[in-house]
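Inspection log for the structure reproduced underneath, given as structure tokens.
The values are calculated or read from the model by the stated rules, or taken from the named source; none is laboratory data. Here the structure is a predicted model, which is why all the values come from computation and not from measurement. Heads up, the Cβs are rebuilt from the backbone with ideal geometry, glycines too, and the neighbour counts pull from every protein chain shown. For accessibility, only protein heavy atoms count, side chains too; no ligands or nucleic acids. Shrake-Rupley method; radii C 1.70, N 1.55, O 1.52, S 1.80 Å.
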Amino acid sequence: MKVYLRTFGCRANQYDSEQVRVLVESAGSTIVDDPADADAAVFNSCAVTAAAEVDLRKGIRGVARKNASLRSVVMGCAAALDRGTLRSLPTVEAVVAGGDAPAVAAALGLAPVLGVARAAAQTGTRALLRIQDGCDERCTFCATTLARGANRSRSAADLVAEASRLAERHPE
């Protein structure tokens, strides 16, 4: 299967997309740059502003015009807050809340790959390392708490192990 992967938003979404990339490639599928060449698409969404959600919907519609036979999955913050709007967009077959990469792989119909945890290498020069996810604050202008849930930190041992793997392949 060929999968088009597009990320909207912050570094947290970029990190989540890297995890999806690892699962897709571990299952024997390929990430492609052109949606016209893809069998499926994954859109990692942002909900930080109304404009971000407009960009997402515009992006999904544009890709659907290029390849109407795509099977699309929307993940990320906008997906977590969605009330049915995203599922009604052309080609969208599944909406996965947050950065649940295994759920995205399942929605794509990919067989689960045991032992695949974190990317040993990422696509950018600068590797991203997620230390925590979510937020405990209740800022009136921010949807992060609603979309990503309460603050959750990873263990120090897990962080050191991932940082060591990433440092072997990334200068930054």
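Observations on the structure shown:
- For segment 59-105, the share of accessible area belonging to carbon and sulfur comes to 49 percent (1.4 Å probe, ligands and nucleic acids excluded).
- Site-free segments of the chain were taken between trypsin sites (Lys or Arg not before Pro) in DSSP loops having at most 12 other Cβ atoms within 10 Å, sites themselves excluded; the longest one is 1-82.
- Looking at the chain, the DSSP beta bridges with both ends there are about 15 percent antiparallel.
- Exposure of Ile131 as accessible area (Å², to 10), given a probe of 1.4 Å and all protein chains: 100 Å²
- Among Thr140, Thr91, the order of accessible area from largest down is Thr140, Thr91, computed with a 1.4 Å probe on protein heavy atoms.
- Per residue value of the accessible surface for the chain (all protein chains in place, 1.4 Å probe), Å²: 52 Å²
- Over segment 28-108, relative contact order from alpha-carbon pairs under 8 Å, at least 6 apart, %: 29 percent
- For the chain, the relative contact order comes to 22 percent (Cα pairs under 8 Å, sequence separation of at least 6).
- For Glu18, solvent-accessible area (1.4 Å; no DNA, RNA or ligand), Å²: 20 Å²
- Table column - 3J(HN,Hα) (Hz), segment 33-45, Karplus curve with 6.51, -1.76, 1.60, x for Gly and Pro: 7, 10, x, 5, 8, 8, 8, 9, 9, 10, 10, 9, 9
- Accessible carbon and sulfur surface of segment 4-46 relative to its total accessible area, %, 1.4 Å: 39 percent
- Long-range amide H partners of Met75 with built H, under 5 Å: Phe43, Asn44, Ser45, Val96
- The figure for Asp33 is an accessible area of roughly 150 square angstrom, using a 1.4 Å probe on the protein chains alone.
- Recomputing volume of the Cα convex hull per residue in Å³ from the coordinates shown identifies the correct label among (i) 126; (ii) 144; (iii) 116 as (iii).
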